[in-house]
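Step one of this worksheet: look at the structure below.
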Amino acid sequence: MVAAGSLGDAIDATPWVDTHEHLVEERSRLAPGGAVATGPEGTATAVPGDWSALLVDYAIHDLVCAGMPAQDAAMALGPELGPLEKWRLVEPWFAGARNTGHLRAADLSAERLCGAALGPDTCEEIDRRLRELRDEGYYAHVLRDAGVARCQVNSLEEDPFCETASPGLLDQDLSLVPLALGRHPRAEELSGIEVGDLADYLAVVDWCFETYAHRAVAAKCLWAYLRPLAAGPCGDAPDLAFRRLRRGEADAGERRQVEDFLLGRCLDLAADAGLPVKVHLGTLAGVDHPRLRDVFAHVAHITGLVQRHRSTTFVLMHMAWPQQEQLLALAKHQPNVVVDLCWAWSLAPRSTADFVQRFLTTAPATKLLCFGGDSVAVESVPGHAELARRGLQAALEGLVEQRWLRPDEALELVPLLMHGNAERVLPARVNTEQEALTP
Ligand SMILES: [Zn+2]
């Protein structure tokens with residue numbers, strides 16, 4: 001048998017490579033106006049400067065789902081109210097939602113960073129401690145506390161690529177949306193290419209890959225928030241549809257034709273650059289999202305794309321929850337598919353622990369990435385990382401109890417699942433020597 005605590009000890013002593021966050025830059029959090037993250041639909045969210053930074057990454061959505069009015073949620077994250085007033089606002093909904101992974105992650109972060117769980121008697125002290133924490137270099141401190149050695153960021157602050165001030169700590173994704181939508185004012189401006197026709201726009205896309213791909217850790221496609229995932233085969237260049245799109249005259253079919261063509265080009269460029277492509281699969285952040293119905297077809301819809309682009313490595317994210325069993329079948333079948341559990345441990349903790357057991361007994365262990373917090377606020381990472389550690393421990397201990405793994409085999413999987421697979425599939429592209437951390 002595994003000696004008491006040895007799997008837990010090994011997991012606690014092993015650093016994560018965190019494969020997915022949306023962290024805004026530390027300099028933005030420290031700036032007087034604070035940081036703003038803009039989602040794929042164009043909605044801007046200010047990252048709170050007080051204790052409600054612990055709520056902004058998803059706990060707030062569970063509170064709204066429990067019945068909290070949207071305007072109260074906005075006040076709870078906004079700058080007007082004091083720490084206790086904010087607590088009074090969330091309190092009626094907090095108890096009912098407290099068992100969810102999102103709220104548990106917020107509580108665990110508060111405990112790790114401030115020594116107390118959220119509550120009426122602790123929120124002012126937690127608020128004070130979090131404000132004190134926010135000083136130059138605090139990202140490195142918080143991530144080290146979370147046991148995170150490196151962190152891969154899909155910036156919601158700068159698109160298509162964030163020139164981070166911490167390249168040895170925060171690896172960056174090259175963003176494919178809005179690039180693959182046929183209109184990207186910032187990329188067009190940066191490239192200096194004036195776009196008249198599709199050939200010009202393809203030159204902008206090429207420029208983005210030439211300029212950023214060798215420094216990016218992955219390309220990231222977030223278009224699940226904007227459209228169904230299915231993309232048709234790329235035929236002839238859709239010149240006419242592109243011109244109509246640029247004039248604002250394209251219908252839905254023409255827009256899809258342009259987007260499918262551009263994404264196909266991006267997938268080929270990513271393959272040429274040896275850059276894996278991360279794709280958001282599964283449920284969407286927030287409540288009442290108009291594209292939620294597409295979520296239940298994501299795995300079927302991505303399959304055609306995966307099979308047409310066999311030279312591209314697809315990192316399929318979020319366990320595709322609630323389609324994880326279909327995702328497992330896809331991962332078992334396609335050599336070019338890797339599964340990423342980012343966000344999943346706080347989204348659906350029990351499903352994720354169960355999935356780890358199913359994955360390890362069905363598909364090669366080398367194709368599983370086990371942690372990303374999906375957060376804009378660095379304060380959210382420690383709690384989520386702790387949830388993931390305990391979930392991974394429960395999954396491996398379960399396989400030992402079921403005699404599927406010997407204790408030594410379970411221990412051998414720990415470094416592979418916590419950082420080895422990520423280092424092999426998504427190697428850092430920058431010089432890591434000055435800033436790399438040893439948790
Ligand atoms: Zn994300």
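Scanning the stretch 391-413 for residues that are touching a residue at least 60 places away in the same chain (Cβ under 8 Å) and either closer than 23 Å to residue 61 by Cα or surrounded by fewer than 24 Cβ atoms within 10 Å (Cβ to Cβ) (or both) yields a total of 6. Within the stretch 118-141, the residues that satisfy the criterion of being exposed (fewer than 15 other Cβ atoms within 10 Å of the Cβ) and assigned to a loop (DSSP other than H, G, I, E, B) are 119, 120, 121, 135, 136, 137. The residue of the stretch 366-386 that is surrounded by the fewest Cβ atoms within 10 Å (Cβ to Cβ), among those that are part of a helix (DSSP H, G or I) and more than 16 Å from the ligand (Cβ to nearest atom), is 366. Checking each residue in the stretch 350-365 for being part of a helix (DSSP H, G or I) and farther than 26 Å from residue 97 by Cα picks out 357, 358, 359, 360, 365. Could you tell me whether residue 219 is of a type in the set (Gly, Ala, Ser), over 21 Å from the mean Cα position of the chain (by Cα) and modelled with pLDDT of 95 or more? No. Screening the candidates 363, 344 for the property of being closer than 22 Å to residue 424 by Cα, more than 16 Å from the ligand (Cβ to nearest atom) and touching a residue at least 24 places away in the same chain (Cβ under 8 Å) yields one hit, 363. Note on the stretch 278-327: among residues that are β-branched (Val, Ile, Thr), in contact with a strand residue (DSSP E or B) (Cβ under 9 Å, 6 or more places away or on another chain) and more than 13 Å from the ligand (Cβ to nearest atom), the one that is farthest from residue 173 (Cα to Cα) is 299.
Taking residue 244, is it surrounded by fewer than 23 Cβ atoms within 10 Å (Cβ to Cβ), away from the ligand (no atom under 16 Å from the Cβ) and more than 23 Å from residue 330 (Cβ to Cβ)? So residue 244 fits the description; yes.
Considering only the stretch 138-153, state which residues are touching a residue at least 60 places away in the same chain (Cβ under 8 Å) and either out of contact with any helix residue (DSSP H, G or I) (no Cβ under 7 Å at 6 or more places or on another chain) or not small (Gly, Ala, Ser) (or both).
Within the stretch 138-153, 138, 139, 140, 142, 143, 144, 145, 148, 150, 151, 152, 153 qualify.
Contact annotation: residue pairs with Cβ atoms under 9 Å, 6 or more positions apart or on different chains, pairing a residue in the stretch 308-320 that is in contact (Cβ under 8 Å) with a residue 60 or more places away in the chain with a partner that is among the hydroxyl-bearing types (Ser, Thr, Tyr) and within 16 Å of the ligand (Cβ to nearest atom), are 315/19; 317/19. In summary, residue 2 fulfils each of the numbered conditions (1) of a type in the set (Val, Ile, Thr); (2) surrounded by 17 or more Cβ atoms within 10 Å (Cβ to Cβ); (3) over 26 Å from residue 351 (Cβ atoms); (4) modelled with pLDDT under 95 with the single exception of condition (3). The set of residues from the stretch 15-39 being within 16 Å of the ligand (Cβ to nearest atom), among the hydrophobic types (A, V, I, L, M, F, W, C) and in a loop (DSSP other than H, G, I, E, B) comprises 23, 24.
Of the set (1) in contact with a Gly (Cβ under 9 Å, 6 or more places away or on another chain); (2) closer than 18 Å to residue 21 by Cα; (3) more than 16 Å from the ligand (Cβ to nearest atom), all apply to residue 151 but (3).
The conditions of being over 23 Å from the mean Cα position of the chain (by Cα), part of a helix (DSSP H, G or I) and surrounded by 18 or more Cβ atoms within 10 Å (Cβ to Cβ) are met by residue 258. Any residue at all in the stretch 198-216 that is within 23 Å of the chain's Cα centre (by Cα), within 16 Å of the ligand (Cβ to nearest atom) and among the aliphatic types (A, V, I, L, M)? Within the stretch 198-216 (the criterion being within 23 Å of the chain's Cα centre (by Cα), within 16 Å of the ligand (Cβ to nearest atom) and among the aliphatic types (A, V, I, L, M)), the answer is yes, since at least one residue qualifies.
A single member of 264, 248 is in a helix (DSSP H, G or I) and without any contact (Cβ under 8 Å) to a residue 60 or more places away in the chain, and it is 264.
Given the residues 413, 341, 396, which is the only one that is among the hydrophobic types (A, V, I, L, M, F, W, C), modelled with pLDDT of 95 or more, touching a strand residue (DSSP E or B) at 6+ places or on another chain (Cβ under 8 Å) and more than 23 Å from residue 53 (Cβ to Cβ)? Of the residues listed, the single one that is among the hydrophobic types (A, V, I, L, M, F, W, C), modelled with pLDDT of 95 or more, touching a strand residue (DSSP E or B) at 6+ places or on another chain (Cβ under 8 Å) and more than 23 Å from residue 53 (Cβ to Cβ) is 341. Within the stretch 168-193, being of a type in the set (A, V, I, L, M, F, W, C) and either in a strand (DSSP E or B) or on the phi > 0 side of the Ramachandran plot (or both) holds for 170, 174. Which residue, of 74, 106, is out of contact with any Pro (no Cβ under 7 Å at 6 or more places or on another chain), part of a helix (DSSP H, G or I) and in contact (Cβ under 8 Å) with a residue 60 or more places away in the chain? The conditions single out 106.
The values are calculated or read from the model by the stated rules, or taken from the named source; none is laboratory data. Note that the coordinates shown come from a computational prediction; the quantities given were computed from them, not determined experimentally. Glycine also receives a Cβ, built like all others from the backbone with ideal geometry; neighbour counts cover every protein chain displayed.
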